[in-house]
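Undergrad: Below you will find the structure I want to go over with you.
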Amino acid sequence: MTKKTPVDFNIVSEVIKASPVDNVGHASIRELVRIVNEIEARSGEKFVRMEMGVPGLSPAEVGIRAEMEALEKGVASKYPMIEGVKELKEEISRFVKLFMNIEVSPAACIPTVGSMMGGMATFMTANRTDHHKEGTLFLDPGFPVQKQQCKVLGHNYESFDLYDFRGDKLGPKLESYLKTGKISSILYSNPNNPSWICLNDEELRVIGEMANKYDVIVIEDLAYFGMDFRQDFSVPGEPPYQPSAANYAKLYILLISSSKAFSYAGQRVGMMVISDKLFNRRYPELKRFYSSDLFGYSMIYGALYCLSAGTGHSAQYALAAMLKAANNGEFNFVEVVREYGEKAKIMKKIFTDAGFKIVYDTDIDEPIADGFYFTISYPGFSGVQLLTELLYYGISAISLDITGSTRSEGLRACVSQVSRDQFDDLRIRTKKFNEDHPVS
Ligand SMILES: Cc1ncc(COP(=O)(O)O)c(C=O)c1O
């Protein structure tokens, strides 16, 4: 039966049917991108695209200029040092001091080919320090591809949905996993992709202290650095600072992406910051895989060497220049990305006005912040059904099912690619969805 939907019913049905994915609701982010591209091309309808976290802003000018200058100086023909160029290492060390108030020496600040690669190298090292330990504990919901990285490496992992264990419940829950002796590392993103939960300082203290107690490495993924816009983390050297378990944990790795904070996703450059204690720690069992028992040395001349032998030379100069400008207080990178929070506020209202619910809606006792992502559900629909149905209304998102969430009714919506001039379309389409699916 052909229905009247905002995007041609037959075209959407045909594209879904022709897709090699068993169930479109379970498609990975990149698979959905392909499906939506095809529906757009065939129907001529522009989607409200919320499936992929691509930065929707221009890259920082200071980065582009520095990268062009580096290329003109001829860096493209030279292999960069695997541990990174000196200027960048120094600016990363300054950055974490000025915006997080933590001390890490430049030697332990290393560029990576995005946090994606930073994660892979981290698993390759952190999960190989002790053969009794089997893998990573993920504080979910999370970024699905990180679990894929563990799988590819043959590592085990455990996970639980953080939302059910906030505040006082977090410590006992963490301990129930750590006391098995099988966990080598704990990974979470903060702010969280996809739920936009922001762990508070007390929770981060619990994570750090539990990790110390069980000699576990904390992997803190700061892909959305400074983006809890309820506080202003933008002034270098002054509180408030980006909250972090690094204030409490002895052994930690921070993955700081430049993709969203500096809108520099295309150049695939990110930062890995290893606590000095971990960087200099000896783990005899690392020698099963690497030539040295030193953690930092194994990371650089073992894992990172194998993966790509370093990070693109010119991109390192771009990142160094952006960080230098931020560190010197000449470039307010947080102010630039605040637009995401403002758009989220409007978009959440459009959805809730049309009968949708926000799935992850509180941070313990306060409303969840407005940021890069938010989560939605609709009465009577599973996430998978909702995702599929919304395609007929020209709206795309991803299912929370693929993120390790226990909220299988939900979808993750990303605000970045939606322009303000699409808000009217979004209003019309969600209203039509509501009329076609009345809530009793
Ligand atoms: C939580 C999280 N970690 C890591 C990444 C990857 O970052 P990068 O682009 O630096 O590889 C992303 C990107 O979306 C992310 O959301």
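The values are calculated or read from the model by the stated rules, or taken from the named source; none is laboratory data. Quantities reported herein were computed from a predicted structural model and do not represent experimental measurements. When we count neighbours, we look across all protein chains shown, and the Cβ atoms used for this are built from the backbone with ideal geometry, even at glycine.
Undergrad: Just the residues that are part of a helix (DSSP H, G or I) and among the hydrophobic types (A, V, I, L, M, F, W, C), please, taken from the stretch 400-417.
TA: Across the stretch 400-417, the qualifying residues are Leu400, Ile402.
Undergrad: Quick one: how many residues across the stretch 375-413 are in contact with a Pro (Cβ under 8 Å, 6 or more places away or on another chain) and within 20 Å of Lys349 (Cβ to Cβ)?
TA: Selection size over the stretch 375-413: 4.
Undergrad: Restricting the search to the stretch 369-382, which residues are over 17 Å from Gln417 (Cα atoms) and either at pLDDT below 95 or surrounded by fewer than 24 Cβ atoms within 10 Å (Cβ to Cβ) (or both)?
TA: Ala369, Ser377, Pro379, Gly380, Phe381, Ser382
Undergrad: So which residues in the stretch 339-377 are assigned to a helix (DSSP H, G or I), of a type outside the set (Lys, Arg) and in contact with an Asp or Glu (Cβ under 6 Å, 6 or more places away or on another chain), if there are any at all?
TA: Passing the criteria: Gly341, Ala344.
Undergrad: Can you pull out every residue in the stretch 228-256 that is out of contact with any helix residue (DSSP H, G or I) (no Cβ under 6 Å at 6 or more places or on another chain) and within 16 Å of the ligand (Cβ to nearest atom)?
TA: Asp228, Leu254, Ile256
Undergrad: May I ask you to list the residues in the stretch 151-194 that are crowded, with 17+ Cβ neighbours inside 10 Å and of a type in the set (Val, Ile, Thr)?
TA: Of everything in the stretch 151-194, those that are crowded, with 17+ Cβ neighbours inside 10 Å and of a type in the set (Val, Ile, Thr) turn out to be Ile183, Ile186.
Undergrad: Out of all the residues in the stretch 172-203, which are within 16 Å of the ligand (Cβ to nearest atom) and of a type outside the set (Ser, Thr, Tyr)?
TA: Answer for the stretch 172-203, where residues must be within 16 Å of the ligand (Cβ to nearest atom) and of a type outside the set (Ser, Thr, Tyr): Ile186, Leu187, Asn190, Pro191, Asn192, Asn193, Pro194, Trp196, Ile197, Cys198, Leu199.
Undergrad: Can I ask one more? Could you tell me how many of the residues in the stretch 1-27 are of a type in the set (Val, Ile, Thr) and under 15 Å from Asp436 (Cα atoms)? So that I can check it myself, show each step before the final result.
TA: Just the residues of the stretch 1-27 that are of a type in the set (Val, Ile, Thr), to begin with: 2, 5, 7, 11-12, 15-16, 21, 24.
Pick out the ones that are also under 15 Å from Asp436 (Cα atoms) and you get 2, 5, 7.
Total meeting the criteria: 3.
Undergrad: OK, next. Return only the number of the condition from (1) within 16 Å of the ligand (Cβ to nearest atom); (2) surrounded by fewer than 23 Cβ atoms within 10 Å (Cβ to Cβ) that Val85 does not satisfy.
TA: (1)
Undergrad: Additional query: Taking the criterion of being closer than 24 Å to Phe143 by Cα and either of a type outside the set (A, V, I, L, M, F, W, C) or in contact with a helix residue (DSSP H, G or I) (Cβ under 6 Å, 6 or more places away or on another chain) (or both), would at least one residue in the stretch 289-301 satisfy it? Quick ask: steps written out before the conclusion?
TA: So the first thing to find is which residues in the stretch 289-301 are closer than 24 Å to Phe143 by Cα, and the list is 299.
Within this subset, residues satisfying the condition of being either of a type outside the set (A, V, I, L, M, F, W, C) or in contact with a helix residue (DSSP H, G or I) (Cβ under 6 Å, 6 or more places away or on another chain) (or both) are 299.
Looking for residues that are closer than 24 Å to Phe143 by Cα and either of a type outside the set (A, V, I, L, M, F, W, C) or in contact with a helix residue (DSSP H, G or I) (Cβ under 6 Å, 6 or more places away or on another chain) (or both), one finds at least one in the stretch 289-301, hence yes.
Undergrad: Here's something else I'd like to know. Every residue in the stretch 107-147 that is more than 10 Å from the ligand (Cβ to nearest atom) and of a type in the set (Val, Ile, Thr), please.
TA: Ile110, Thr122, Thr125, Thr129, Thr136
Undergrad: Quick test for you: out of Thr352, Thr406, Thr362, pick the one residue that is surrounded by fewer than 22 Cβ atoms within 10 Å (Cβ to Cβ), farther than 18 Å from Glu51 by Cβ and within 19 Å of the chain's Cα centre (by Cα).
TA: Thr406
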